[in-house]
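Working notes for the structure below.
Read the figures in this text as sums done on the coordinates, not as results from a lab. Everything numeric in this text was worked out from a predicted model, so none of it was measured. Here the Cβ is made from the backbone with ideal geometry for all residues, glycine too, and neighbour counts use every protein chain on show.
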Amino acid sequence: MKYTEQDLLDPVKRKEIIAGFDSAENNRRKRVAFKGYECLKDKTINYTAELLLSQFDVDTFYEMQYALTNVSILRKVIDKLARVYSNGVKRSMGADDRAGTEAVEDAAKYFRMTERMKKTNRFLRTFKNTLVFAKPVASSDEPGKFDLAVEVLPPFLYDVVPDSNDATRMLAVVTSDYSPSRRSLYSITDAAYAMRGSKGNVRVVGDKGETLVQSFSGTGIVRGATATADKREFIWWTKNYHFTTDASGNKIDTGTGENPIKELPFVNFAGDQDGEFYAQGGEDLIDAGVSVNVQLTNIKHVGVQQGYGQLYMTGKDLPKSIKVGPTQCIQIEVTDKDDPAPQIGFLNASPQLDSLKSVTEMEVALMLSTNNLSTSGFSTSLQGSKDFSSGIAMMIDKSESTDDIGEQALTFVDREPKVWGKLQRWADAYGSAGILTEAASLVVIPPDVEDELMLAFPSPRPLVSESEQLDALAKRRELRLSTEVEILMRDDPSLSEEKAREKLLELQAEDAARMSAQPVAVATGVVDPGADAGGANPADTGGDTNAPAQKKPGSGTESPAPNR
C-alpha cells in the first residue's frame, strides 16, 4: 500500500499500517536484527542453546549445558570491519573558517559524535540498516528545558512508511519497543529489556497466530493463557507531524502533533537498498558466529564424555554400586571355585577432536575470507605467532581488511553532516523558544554545517615501537619536514593545532627554566664554586688541559634539547 502524509492523520489508515508492521516478513526482519544485536552484545549463548535444541532432545541438551560456549565471534569480526573512525576523524568548516572548525570540534565533544558514529558504523556492518536519531531530551535538572542528543537505533526498534514515489526514502518513521519471540529462551534477561527497561512477561505470537504469554523461568518456558490487550505504543514522526498512538492507531498524547523542525529527525544509514527501504544481507556473519559456538560446544561435550574411561566389570555377584578413585579399593568375593574370575578395566574412546577442530577452523576461515578479512589476525591457540612481524609486514597482512574502508567512509562523509543539520535545526527551534538547557544553549553549531562540514579520516598508522616513532619524529625535525607544532600533533593525533601550540609554549618555558638553572662559566675561567667538588679549575692548576671544560648554555658542544 502507498500512503501520503495526510493518510497518516487518519486513525483507520494508521491501524492498517500497524497491522502491516506485524506481518510475518517484518517480524522476521526484526527477529534477525535482534539476534544480531544480542550476539553483538555477547549473548550468543541464547542462540547456541536454540540451535542445539533443534539438534538434540531436551534431556540431552540439559546434560550438555556445562559445555555451552559463548565466544563473541560476531563482535570480533565487526570490530575488524567497522573501522572508519578507528583512527580518528578531522572535522573542519574549511581552511578559511577557523572559528567554525573550533565550534564544530567543541560541539562534537558535547554530542560525543565520534563515539556515536563508531556505533553507527558497527550497526551498519552488522544489520545493513540503522537510523541515527537527532533528538531533544527532557532535562531532569532543569524542568521544562531540553538537551540535545544523538541516538543510534538498531532496526528492530523502528518501522518505516516508505515514500510513495521512492521506496528507498522515508515518508514516516515509527518507533516502538520490541518484544522478542523465540522458540526457546536460555537466559532470563535479554538485551531488549536491558535497553528499554521492560520487565515481566512478554507478548509473543504463536505459530498459528494466537497470542500467548511467555514467562521466563530458569532455562524453561511456561506458556500461559491468552495475553491481555495489546498495550504497545507507537511514536510517529513525519515531516510535519509528531504524535503517539496505541496499537489501534488512536492518539494517546496531548501534544500539538506538530514537528518543530519540519523535517524527519532521522538520518538513514543503509547498504544496497535495491528498490526497497531495508537493505538485505548480513545474516551470514550472525549465523556463522552461532554455528561456530555450537561446534565448540559439541567438541567440548565430546571431549568430556569420551575423555573419561568407562569402567567395566565381569564376573558373578558383582556389586551394584561402586566408587572409583585413586583412594578407593574394589573388593569382589569369590565364594565358589567354579565361579568365573572377575575382571575389571576401563574402556577408552578416541574422539576425533582434531578433525572436529579442523572443521570449525575451516568455517571461521571461510567466514573471514568472504568478508575480506585476513585469517592471520585471529588466533585459536595460546601459542601466538612464532615469527616476529615488522610494522610494515603487519600492514601488508591486514591490508585486505581495509580494502572497503574508503567506500564505507564515503557513506559517513555524505551522511554525518546531515546529522549535524538535524541538530542545528533543533537548536534553532528550541533556542528561539527559550527551552534549551543552559549547557545546550552554549553549544555553537554553525548554520551552514550541513553544507560546509568536511570530514577527513587519517590512514591507518603502521605498528611501530615508541623508539622507532621518536626516531622518525627527530628526523622530520632535523630535515625540517615538520614544524614543532606538527611534530606534537603527529605524536598525539588528539591534539588540535591550538592545543599543540599551547603545549609547545609550555615545553619551551620548561627548557628555559632548566637552562637558567645550570651553572654559567665566566670569561676569567673561574667557575661556580659548587660546580666541581674538587674545587680546582684550569687557572688554579696552571691551565691543565686535561681538566674538564665548563660549557656555556647554547654553546656548540651543549647537549641538544630533547625532541618533542
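Odds and ends about this structure:
- Approximating the spin labels as points 7 Å out from Cα along Cα→Cβ, the Ser494-to-Met313 distance works out to 6.8 nm.
- Fraction of alpha-carbon pairs over 17 Å apart in segment 297-379 - percent: 67
- Computed from the C-beta positions of Glu468 and Lys109, the FRET efficiency with R₀ = 22 Å rounds to 0.10.
- Near-label residues of segment 149-173 by backbone N, under 14 Å of a point 7 Å along Cα→Cβ of Glu25: 160-162, 167-168
- Under 5 Å from the amide H of Ala172 lie the amide H atoms of Val161, each residue being 5 or more positions distant or on a separate chain, with H modelled from the backbone and absent for Pro and chain starts.
- Estimated inter-spin distance, Ala99 and Ser350, nm [label 7 Å along Cα→Cβ]: 8.3
- Rel. contact order, % - alpha carbon contacts under 8 angstrom, at least six apart, segment 466-516: 23
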